[in-house]
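To start, the structure itself, in structure tokens.
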Number of protein chains: 2
Amino acid sequence: MKFYVNTSIEVLERTPAVLSHLLAGLSPEWTAPNEGPDTWSPYDIIGHLIHGEKTDWIPRMDIILSDSTDKTFVPFDRFAQFKDSQGQSLEDLLAEFSALRKENLDYLRSKNLGDQQLTMKGMHPELGEVSLSELLASWVVHDLNHISQINRVMAHQYKNEVGVWQAYMGILNS
Amino acid sequence: MKFYVNTSIEVLERTPAVLSHLLAGLSPEWTAPNEGPDTWSPYDIIGHLIHGEKTDWIPRMDIILSDSTDKTFVPFDRFAQFKDSQGQSLEDLLAEFSALRKENLDYLRSKNLGDQQLTMKGMHPELGEVSLSELLASWVVHDLNHISQINRVMAHQYKNEVGVWQAYMGILNS
């Protein structure tokens, strides 16, 4: 499947509703635990997605599209959510993510990106040279990755409750 | 996390809306392809979930709760969807799944299951003896497993579009 901005937006614009329908109002027993030391809970993951909206995808697009001679991205803070989410409910975070995503997609649409812009390059601090279309495709896959992860973390909480069915559940053995 | 009927229903009742918000109206480029030979597309997976509502979870609960001396489950047909879904749109399937799930959860709630019933046993044709609570916990994990899988299958379509970011995307390397 080839990258297109419009087919990417189809997925990106659905993510806030998917996450809200999955998580809003759910018992904290499902949303607060993680999968063990140094892993993230569904609550942590929503905070991570918020930080991405603020500092990752669109700010990096702007760096690529800028006239600057140095197009090196600012390193992403993978642990920002542990401070930023403090004192907020999961529902607060879902609402914030939803508002930021809408704003970012409105901005993306306003750019009317063409092929010339999509091949422009930026410098990832660890991965090296990347194109704008790769950045935007990664935004989509990053959403899908974390929706999948949230489902896996929730499934993990019932690992011992399914008994011998564990053998059939790929999600419990990955 | 210990199994409870009510906390299980919290997840089970959300699944139809999660899947509809993820998939309804999405381009077939996202929903029709699979991950390669002998794998399933998002479209196939919704058909599989429908077949589960009809023949798996609730019918097996009824076998466990019955007075029969033989509580062996009918084997589940993992390929039924390839015939049953024919001629139906993804949106048709999502609507059918949603209606069946609602009906099944109404029925589950009407049973008011207590501890005595939750420890009753049935005979899985391959796995052997299983309890009702294990069956119901597996219903929950099965949902989460397939939501996660759908996101993985969708991500796979952009595997070549993310460039060097592939290294950071666990979902593309599982």
*Pick out the one residue from B:P16, B:P42, B:P59, B:P75 that is more than 21 Å from B:I147 (Cβ to Cβ) and within 14 Å of another protein chain (Cβ to nearest Cβ).*
B:P75
*Please indicate, with yes or no, whether at least one residue in the stretch A:119-139 is in a helix (DSSP H, G or I), closer than 28 Å to A:L19 by Cβ and among the hydroxyl-bearing types (S, T, Y).*
yes
*Report whether or not B:P75 is in contact (Cβ under 8 Å) with a residue 12 or more places away in the chain, open to solvent by 70 Å² or more (accessible area, probe 1.4 Å), more than 13 Å from the chain's Cα centre (by Cα) and farther than 23 Å from A:H21 by Cβ.*
yes
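Can you name the residue in the stretch B:85-141 that is charged (D, E, K, R) and touching a Gly at 6+ places or on another chain (Cβ under 8 Å) and is also farthest from the other protein chains (Cβ to nearest Cβ) among such residues?
Checking each candidate, the answer is B:E91.
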*Looking only at the stretch B:19-56, count how many residues are farther than 22 Å from B:F76 by Cα, among the β-branched types (V, I, T) and within 14 Å of the chain's Cα centre (by Cα).*
0
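Restricting attention to the stretch B:142-166, and to residues there that are part of a loop (DSSP other than H, G, I, E, B) and within 7 Å of chain A (Cβ to nearest Cβ), which single residue is farthest from A:F73 (Cα to Cα)?
Step one: filter the stretch B:142-166 for residues part of a loop (DSSP other than H, G, I, E, B), giving B:157-162.
Next, from what is left, pick out any that are within 7 Å of chain A (Cβ to nearest Cβ): B:157-158, B:161-162.
Numbers: B:Q157: 26, B:Y158: 22, B:E161: 19, B:V162: 16 Å.
Ranking the qualifying residues of the stretch B:142-166, first place goes to B:Q157.
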*asked:* Go through (1) surrounded by fewer than 24 Cβ atoms within 10 Å (Cβ to Cβ); (2) under 18 Å from the mean Cα position of the chain (by Cα); (3) facing another protein chain (nearest Cβ under 8 Å) for B:M169 and report which single condition fails.
replied: (2)
*asked:* Taking the condition of being touching a residue at least 12 places away in the same chain (Cβ under 8 Å) and in a loop (DSSP other than H, G, I, E, B), how many residues in the stretch B:27-64 meet it?
replied: 7
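The values are calculated or read from the model by the stated rules, or taken from the named source; none is laboratory data. Source: prediction; values computed, not measured. Here Cβ is always computed from backbone atoms with ideal geometry, including for glycine, and neighbour counts include all displayed protein chains. For the accessible areas, the whole protein counts, side chains as well, though only heavy atoms, and no ligand, DNA or RNA atoms are used. Shrake-Rupley method; radii C 1.70, N 1.55, O 1.52, S 1.80 Å.
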